[in-house]
1. What does the extension gain come out to for residue 190 and residue 64, with contour length at 0.36 nm per residue minus their alpha carbon separation?
2. Tell me, what ³J(HN,Hα) does each residue in region 76-81 have, in order and in whole Hz, if you take phi through Karplus 6.51 cos²θ - 1.76 cosθ + 1.60 with θ = phi - 60° and put x for Gly and Pro?
3. Under a 1.4 Å probe, what is the accessible area of region 117-248 per residue, stated in Å²?
4. Calculate the FRET efficiency for residue 183 and residue 52 from the Cβ-Cβ distance with a Förster distance of 30 Å, rounded to the nearest 0.05.
5. Set the Förster radius R0 to 51 Å, insert the Cβ-Cβ distance between residue 105 and residue 142 as r into 1/(1 + (r/R0)^6), and round the FRET efficiency to 0.05.
6. Would you list the P(r) distribution for the chain, with all Cα-Cα distances sorted into 5 Å bins from 0 and each bin expressed as a whole %?
7. For a paramagnetic label modelled at 7 Å from the Cα of residue 149 toward its Cβ, which residues of region 108-126 fall within the zone defined by backbone nitrogen distances under 16 Å?
8. Have a look at 192, 70, 241 and tell me which one the Gaussian network model of the chain (Cα, springs below 10 Å) gives the largest fluctuation.
Amino acid sequence: MSKFNNERRTFLKNGRGLFFTSVAVSSLPMSFLLSGCDSPFYHITYKNWAQDIQVGGVLAAKVTSLEDLESVAKWALENGHFIKAFGSMHNWSPLILSKDEPKDKALLLDMSQFNHLEMLESHADYGVVKAGCGVQSEDLYSFLANQPSGKPDIPGYAFSNTPAPGNLSLAGMLSIGGHGTKVSYNDSKENESLNGSISNNVLSVTALVWDGSKYALRTFHRDEEDGDLFLVALGATIILEATLYVLPNYNLRCQSFTDVH
Ligand SMILES: Cc1cc2nc3c(=O)[nH]c(=O)nc-3n(C[C@H](O)[C@H](O)[C@H](O)COP(=O)(O)OP(=O)(O)OC[C@H]3O[C@@H](n4cnc5c(N)ncnc54)[C@H](O)[C@@H]3O)c2cc1C
């Protein structure tokens, strides 16, 4: 979590509610150890931000490569486990695990290693960024703002609006329709369809899907059939990365009124 967010959010809660517990290798399923995956496996105590969901001893894997992502999914399928990806656990919902869900069949995937960022297109009036599912929101915004291109007077790129916390993963935001606040105003020349959630900006999503014989990565473009299914999927998918349309950077004016009665 960035320093920015620690300062901003500590008064609310200790944001990242996930505690890793080291375990003896022998307590992991033997088939796991023989699966050939290089990604580390362990048991965790899952705790959400609101701390109303706390589940101990849940099997988890920190996925470190594309090959392992497919292998882990294959292992889960063959061994009767369901998989759920997690980001920063900065939530109050039962989307990842509920209190009552049997935990012995869950395999949680830590996707934080996929935090790559690449500017694909840089124009004066828009940009296109490719971002890994695990990139933290504040890192994404900083990367965009620090781009040298864009408008000469205010370089860089930005979103029309964003969720408030800086420690959300990109996939976490996309999964729940993460958004800030934006309204159209008189004489605005801005594209109103970008005033919605971060998912509105998605041009393509690469997800782990069943290809008819095995789990494999596939990129869905926004205009193709099924492309929309991955925009706000409430954790029912495994997203690897997305490309997003971004706006030229801009300054905001903050005006305080102190004479309201
Ligand atoms: C204090 C606080 C303030 C908030 N403020 C805002 C706000 O201003 N605006 C707003 O819109 N929301 C806000 N939220 C909600 C927040 O945006 C969501 O809870 C968000 O999903 C958290 O992202 P995360 O990275 O922590 O994801 P997690 O909580 O870890 O996961 C959330 C969902 O995303 C799924 N997911 C995670 N990674 C992947 C992946 N790689 N592939 C597929 N699915 C995945 C999970 O399975 C789960 O369903 C706030 C939450 C808190 C606790």
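The values are calculated or read from the model by the stated rules, or taken from the named source; none is laboratory data. The model shown is predicted, which means the values in this text are computed figures rather than measured ones. Here the Cβ is made from the backbone with ideal geometry for all residues, glycine too, and neighbour counts use every protein chain on show. What goes into the accessible areas is simple: the full protein's heavy atoms, side chains included, and nothing from ligands, DNA or RNA. Shrake-Rupley method; radii C 1.70, N 1.55, O 1.52, S 1.80 Å.
1. Fully extending the segment from residue 190 to residue 64 adds 41.4 nm.
2. 4, 4, 6, 10, x, 9
3. Accessible area per residue: 47 Å².
4. So, using R0 = 30 Å, E works out to roughly 0.35.
5. Plugging the Cβ-Cβ distance into 1/(1 + (r/R0)^6) gives 0.85.
6. Calculated P(r), rounded to whole percents: 1, 6, 12, 16, 17, 16, 12, 9, 5, 3, 2, 1, 0, 0.
7. In region 108-126, the label zone of residue 149 (backbone N under 16 Å from the point 7 Å along Cα→Cβ) covers 118-126.
8. Ranking 192, 70, 241 by mean-square fluctuation puts 192 first.
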